[in-house]
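Novice: Quick one: the structure is below, and I'll ask about it shortly.
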Amino acid sequence: MNFIPTKLDGCYIIEPKIIKDERGYFMESFNENTFQKGVQQDVHFVQDNQSFSTKGVLRGLHYQTGSHCQAKLVRVLHGEVLDIAVDIRPESKTFGEHIAISLSADNQKQFFVPRGFAHGFLVLSETATFFYKCDNFYNKESEGGILFNDPELNIDWQFPEAELIISEKDQILPTLANAKKTW
């Protein structure tokens, strides 16, 4: 696996080694030893989640607070998404900055989002199956979120806003300035 650091400290794009032949392909999608060495962090995943969505569905920007903060290792099993991570660590020199990456079944890339980041994705293909590992269990009382079109974040979702499919809950999330703090 190739671990590519991003402009946001702790976030990595992960490119697997894919072995192809006439039968198809094989790849190792996760190995704890390789992963921990690659991201230079001691992360132990405890929960796997999967969602299926149609084109234009935007999920996010979500995070967990306090002792329930979560790191995520995300990938796409089918289709393509635009994946976004926003640094919401108040002490970080990149606080409020984001990174966008295309994840697809074709490119097989994964994205590691450490604790202290808001996360979301937009489905670009007709449908997509999104899979992610979390290093902490979900806690409803600790959930936080940031409005997807917060002007302070200035995220280019690469999709017409009028065509987005967003849950009622996500449509009324606060801006970064008014969001729950991560600690």
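Novice: Across segment 28-61, what is the total count of residues that are more than 20 Å from THR6 (Cα to Cα) and assigned to a strand (DSSP E or B)?
Specialist: 12
Novice: Looking only at segment 1-27, count how many residues are assigned to a loop (DSSP other than H, G, I, E, B), acidic (Asp, Glu) and farther than 20 Å from ASP135 by Cα.
Specialist: Summing the residues that are assigned to a loop (DSSP other than H, G, I, E, B), acidic (Asp, Glu) and farther than 20 Å from ASP135 by Cα in segment 1-27 gives 1.
Novice: If you scan segment 1-34, which residues turn out to be more than 23 Å from ARG115 (Cβ to Cβ) and basic (Lys, Arg)?
Specialist: Once the filter is applied, which keeps residues that are more than 23 Å from ARG115 (Cβ to Cβ) and basic (Lys, Arg), segment 1-34 yields LYS17, LYS20, ARG23.
Novice: Assess whether GLN36 counts as being of a type in the set (S, T, N, Q) and free of Cβ contacts under 8 Å to residues at least 60 places away in the same chain.
Specialist: In short, yes.
Novice: Further question on the same structure: Inspect segment 115-133 for any residue being aromatic (Phe, Trp, Tyr) and closer than 12 Å to ILE84 by Cβ and give the result as yes or no.
Specialist: Yes, some residue in segment 115-133 is aromatic (Phe, Trp, Tyr) and closer than 12 Å to ILE84 by Cβ.
Novice: Would you kindly identify the strands (runs of 3 or more DSSP E) lying entirely within segment 86-183 that contain at least 1 residues that are of a type in the set (A, V, I, L, M, F, W, C) and touching a residue at least 40 places away in the same chain (Cβ under 8 Å)? I'd like the intermediate steps shown before the answer.
Specialist: Working: elements: 98-104, 110-113, 117-123, 127-134, 143-145.
It comes to 98-104, 110-113, 117-123, 127-134.
Novice: What residue, among those in segment 1-33 that are among the small types (Gly, Ala, Ser) and touching a residue at least 60 places away in the same chain (Cβ under 8 Å), is nearest to GLN108 (Cα to Cα)?
Specialist: Of all residues in segment 1-33, those among the small types (Gly, Ala, Ser) come to 10, 24, 29.
Subset that is touching a residue at least 60 places away in the same chain (Cβ under 8 Å): 10, 29.
Working: GLY10: 20, SER29: 9 Å.
Out of the qualifying residues, it is SER29.
Novice: Tally up the residues in segment 40-66 that are touching a residue at least 40 places away in the same chain (Cβ under 8 Å) and under 21 Å from THR182 (Cα atoms), please. Explain how you work it out, then say what you get.
Specialist: We begin by selecting, within segment 40-66, every residue touching a residue at least 40 places away in the same chain (Cβ under 8 Å); these are 41, 43-66.
Filter once more, keeping what is under 21 Å from THR182 (Cα atoms): 41, 43-47, 59-66.
Final tally of qualifying residues: 14.
Read-outs: derived from the displayed coordinates by stated rules, not from any lab. Quick caveat, the model's predicted, so the values are computed rather than measured. Neighbour counts run over all protein chains shown; Cβ positions are idealised from the backbone, glycine included.
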